[in-house]
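Okay, structure first, notes after.
Each reported figure results from applying straightforward, stated rules to the coordinates on display, with no laboratory input. Fair warning: this is a prediction, and the values are worked out from it, not measured in the lab. FYI the Cβ positions are ideal-geometry reconstructions off the backbone, even for glycines, and counts take in every protein chain you see.
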Amino acid sequence: MNAVRVVLVDDQHLVRTGLRALLDRAPDLSVVGEAGDGESAVRLVRAERPDVVLMDVRMPGGDGIEATRRILADPQLAGVHVVMLTTFDDDEYLFEAIRAGAAGFLLKDTPPDALRDAVRVVAAGEGLLSPAVTRRVLAAAARSPAADPARLAGLTTREREVLAQVGAGRSNAEIGAALFLSPDTARTYVSRLLQKLRARDRAQLVVIAYESGLVRPGDG
């Protein structure tokens, strides 16, 4: 099996060195490049076309949000997944980053095993939003424009129920338990929602669930 190819983007060399050391210990993960600012990150990603980019939020010389937006808007980089490296005081950026297409967030003090597992999850096409982070995303979303329920016009009642569960940050197993579905059936519904709503991943489904008014901060 080919190793997951990773690019690291952070303006602190020590942080990048630590991340590289943690990821390179796994035989199925390979760091293929590093960048210290958003502009360099975009050039590097275009050259290397990695599977996953670990992107710092705030950097001089081009922030991570704008770099993420440029990377994920490029049709030739359709297979690239971006995860934002964040700290607890970055709430104001969460919603904007997901709207830009980020697959999720990792705290910079994430334990090594959890970091490696997260990279694998994102490389497989899954979003990375824990219920705790989801609540923060929704709180940030409360400052966004008014809800647009028309966006869900093409969904069935069951699809709306599943989307509400995704919006609350629940896993496929948790959705299945809540709606009396098998985890595989829940996964099928989530895949259908991704296609119908033209979302990149679960993270964007969370945003859609909020923007449509299906869920609100404090729900769940």
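General observations
- Loop-resident sites, the range 1-71, for trypsin sites (Lys or Arg not before Pro), counting at most 10 other Cβ within 10 Å (DSSP): 25
- Most mobile of 177, 186, 102 in a GNM of the chain (Cα contacts under 10 Å): 177
- Cβ-placed point charges (K, R +1; D, E -1), dipole of the chain about Cα centre in debye, nearest 20: 680 debye
- Loop-exposed chymotrypsin sites (Phe, Trp or Tyr not before Pro) per DSSP, neighbour cap 14 Cβ within 10 angstrom, longest uninterrupted part of the chain: 89-179
- In Hz, Karplus ³J(HN,Hα) per residue of the range 55-63 (6.51, -1.76, 1.60; θ = phi - 60°; x = Gly, Pro): 10, 5, 6, 10, 8, x, x, x, 7
- Over all other residues within a Cβ to Cβ distance under 15 Å of residue 157, the charged ones net out to +2, with Lys and Arg as +1 and Asp and Glu as -1.
- 5 angstrom amide H check on residue 58, placed H, neighbours 5+ away: 64
- Charge dipole (the chain, unit charges on Cβ, about Cα centre) - positive-most of 73, 119, 173: 173
- Reported to the nearest whole Å, the Cα centre-to-centre distance from the range 96-110 to the range 34-60 is 14.
- Screening the chain for DSSP H helices whose Cα atoms reach 30 Å or more along their own axis and whose mean Kyte hydropathy is at least 0.5 gives nothing.
- The chain - convex hull of the alpha-carbon atoms, volume per residue in Å³: 122 Å³
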